[in-house]
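The values are calculated or read from the model by the stated rules, or taken from the named source; none is laboratory data. All figures in this text were calculated on a predicted structure; none of them were measured in a lab. Note: ideal-geometry Cβ built from the backbone for every residue, glycine included; neighbour counts use all protein chains shown. Each accessible area value is taken on the protein alone, full model and side chains, heavy atoms only, with ligands, DNA and RNA left out. Shrake-Rupley method; radii C 1.70, N 1.55, O 1.52, S 1.80 Å.
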Amino acid sequence: MKHKDFLRIGCGAGFSGDRMDPAIVLAEKGDLDYLVLECLAERTIALAQKRRILDETKGYDPLLERRITSLLPHLVKNKTRLITNMGAANPVEAARKIAAIARALNIAIKVAAITGDDVLEIVLLNAASMNDLENNLPLSTYNIVSANAYIGADMIVEALRQNADVIVTGRVADPSLFLAPMIYEFGWDKNDFDLLGKGTVTGHLLECAGQVTGGYFADGVKKKVEGLDQLGHPYADMYANGAAVISKVEGTGGVVNLMTVKEQLLYEVMNPQEYVTPDVIADFTTVCLQEIAENKVQISGGGGKVMPACYKASVGYKAFYTGEGEISYAGAGAYERAQIAAGIIQKRLSPAFKELRTDFIGVQSLHNTTFSHPSSAYEVRLRVAAKASSAEEAALVGEEVEALYTNGPAGGGGARKYINEVIGIVSVLIGRETIVPMVKIFES
Amino acid sequence: MKLFEVAHSRAGDKGNTLMLSLIPYDEANYEMLCATVTAARVKEHLQAIVKGTVTRYELPNISSLLFVCSNALSGGVTTSLAMDTHGKSISFALLEMEI
């Protein structure tokens with residue numbers, strides 16, 4: 001271990017499409033013990049499962065090769081271990097790929113794949129008797145393509161014990177990716193829920209990367225942030241008593257202050273008294289924050305009660321197709337012409353599409369209202385979207401919008417059309433005993 | 001005066017549930033926000049968006065409020081036809097509230 005009295009954990013990516021360079025800055029200049037890359041949103045794994053079905057050596061994050069190739073030399077040089085959920089639907093093949101990249105770079109490392117989150121077989125076998133949490137319908141109602149349980153820190157801890165340098169997982173609860181090195185390095189007891197809760201607070205603050213350092217924050221008026229083009233991603237100095245200091249690499253853009261940390265602490269929290277992960281039900285209401293220096297916020301307090309009785313799994317299913325079309329109007333009467341266009345589309349498509357909506361971009365496409373703001377935009381973009389049962393049916397939406405060029409109101413320009421297959425997600429609870437996470441080690 | 005003048009907010013989502021934090025720039029305004037921005041007022045203000053309930057959590061340690069709004073995202077990010085499927089822009093709808 002590099003640091004004796006604390007552990008420095010950085011987060012270099014907060015979603016699958018996140019920037020490449022902030023992680024490199026962290027790995028090169030952050031003096032990190034651990035780098036975490038969180039790259040798995042709810043639906044990402046269902047899309048990865050589709051790629052795995054087409055090619056069984058795929059199904060991990062499509063950016064894995066680029067990220068790992070750019071990071072490995074820095075990680076090895078600075079003795080920083082990497083934990084990432086870029087395994088997506090295929091952690092084993094991801095680990096093989098990482099080992100191969102290391103070999104090509106003449107780097108000797110141990111790569112661990114964590115498996116066990118994929119519960120597709122169990123879910124398919126029991127689809128008639130398991131109901132989803134959202135609609136309380138039997139899972140057999142859905143055309144299921146993936147099922148992955150959010151597993152906890154346990155197997156990552158085990159992989160660290162086996163001296164893995166890089167650990168690649170599928171679905172693991174985001175804060176657990178950060179909690180695992182704390183448990184391992186500080187020797188936290190897995191039943192010390194107070195410490196697990198404190199560690200989860202810090203994990204939660206880090207997991208969205210740039211969102212705690214000034215991204216998704218700046219408004220240019222009341223909340224001015226410099227250097228968003230070179231936004232630094234965060235790291236935490238974590239102490240064995242569960243306290244932490246959130247910061248970022250000196251010289252990077254962005255800001256870490258009480259405001260950014262408060263916003264991120266409450267981000268996506270359903271109940272701040274009971275923030276549920278597979279490791280612990282954490283309490284965020286007792287967290288205390290203090291700005292101790294420029295870009296350094298100290299986290300203390302927080303805690304936890306128990307381990308939840310079940311795992312939660314996300315079940316991906318084929319939902320429907322969407323067809324979309326857009327066209328713009330400008331100048332005098334722009335909104336009126338966009339409304340005429342919308343009326344035409346409604347008349348021509350409504351009978352065939354059960355769910356069809358029209359939005360006026362630039363007027364009120366986001367909130368169904370403009371509150372007290374007058375709507376006098378110089379230009380308006382009409383957007384039409386509908387659900388369809390096939391790609392062919394979905395295509396009709398964009399075709400109808402495009403046909404407004406010659407058949408609709410005056411001055412319609414910039415028509416675009418899109419078709420997408422939609423994977424929906426529902427959740428289900430799964431007994432802990434049914435899931436057996438495992439570690440598999442690969443050497444380069 | 002709009003909430004925007006005294007507080008900031010971040011939107012989050014889980015399925016069809018929308019969460020909105022409300023954080024005063026000056027911690028001295030926390031009590032005023034607690035008294036003024038009730039769950040009922042948020043429900044009324046966001047009636048065009050939130051079709052379900054609004055639950056308010058108070059976090060005095062960090063002088064912040066959290067509003068958890070059910071049935072607020074046209075079914076949720078994966079199956080919604082809305083422009084902003086996550087509801088990420090809705091924090092600024094909350095800040096439009098007159099206080």
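Looking only at region A:358-383, residues that are within 10 Å of chain B (Cβ to nearest Cβ) and among the β-branched types (V, I, T) come to 3 in all. In region A:109-122, the residues that are over 16 Å from A:A48 (Cα atoms) form Cβ pairs under 6 Å with partners that are among the charged types (D, E, K, R), at six or more places apart or across chains, as follows: A:I109/A:D165; A:K110/A:D165; A:K110/A:E443; A:A113/A:K440. Of all residues in region A:7-43, those being outside any loop (DSSP other than H, G, I, E, B) and open to solvent by less than 10 Å² (accessible area, probe 1.4 Å) number 14. What are the residue pairs meeting all of these: first residue in region A:418-444, first residue among the hydroxyl-bearing types (S, T, Y), second residue open to solvent by 30 Å² or more (accessible area, probe 1.4 Å), Cβ atoms under 7 Å, and 6 or more apart or on different chains? Qualifying pairs under 7 Å: A:Y418/A:E324; A:S427/A:L133; A:S427/A:E134; A:S427/A:K312; A:T434/A:I122; A:S444/A:R103; A:S444/A:A108.
Residue-wise test of (1) of a type in the set (A, V, I, L, M, F, W, C); (2) modelled with pLDDT of 95 or more.
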| position | (1), (2) |
| --- | --- |
| A:I24 | yes, yes |
| A:L47 | yes, no |
| A:K58 | no, yes |
| A:S70 | no, yes |
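Restricting attention to region B:21-73, the residues that are touching a Leu at 6+ places or on another chain (Cβ under 9 Å), of a type in the set (S, T, Y) and without any contact (Cβ under 8 Å) to a residue 40 or more places away in the chain total 3. Here's a check for you: in region B:77-97, which residue that is within 8 Å of chain A (Cβ to nearest Cβ) and touching a residue at least 24 places away in the same chain (Cβ under 8 Å) is farthest from A:T260 (Cα to Cα)? Here the answer is B:V77. Return yes or no: is A:L404 more than 14 Å from chain B (Cβ to nearest Cβ) and either under 23 Å from B:K88 (Cβ atoms) or surrounded by 20 or more Cβ atoms within 10 Å (Cβ to Cβ) (or both)? Yes, satisfied. Every listed requirement among (1) touching a Pro at 6+ places or on another chain (Cβ under 8 Å); (2) within 14 Å of chain B (Cβ to nearest Cβ) is met by A:L349 save one, (1). Please tell me if A:E336 is surrounded by fewer than 21 Cβ atoms within 10 Å (Cβ to Cβ) and in the same structural domain as A:D237 (by TED's automatic domain parsing). Taking the combined requirement at face value, the residue does not satisfy it. Checked against (1) closer than 19 Å to A:N148 by Cα; (2) open to solvent by 10 Å² or more (accessible area, probe 1.4 Å), A:K4 passes all but condition (1).
Being in contact with a helix residue (DSSP H, G or I) (Cβ under 6 Å, 6 or more places away or on another chain) and surrounded by fewer than 21 Cβ atoms within 10 Å (Cβ to Cβ) is a description that applies to A:E379. Scanning region B:1-49 for residues that are more than 7 Å from chain A (Cβ to nearest Cβ), in a loop (DSSP other than H, G, I, E, B), open to solvent by less than 60 Å² (accessible area, probe 1.4 Å) and closer than 18 Å to B:L59 by Cβ gives B:V6, B:S9, B:V37, B:T38. Is at least one residue of region A:264-285 crowded, with 23+ Cβ neighbours inside 10 Å and charged (D, E, K, R)? Checking region A:264-285: at least one residue is crowded, with 23+ Cβ neighbours inside 10 Å and charged (D, E, K, R). The number of residues in region B:50-79 being surrounded by 21 or more Cβ atoms within 10 Å (Cβ to Cβ), of a type outside the set (V, I, T) and within 15 Å of B:K14 (Cα to Cα) comes to 6. Only a single criterion out of (1) of a type in the set (V, I, T); (2) open to solvent by 40 Å² or more (accessible area, probe 1.4 Å); (3) more than 11 Å from chain B (Cβ to nearest Cβ) is not satisfied by A:T252, namely (2).
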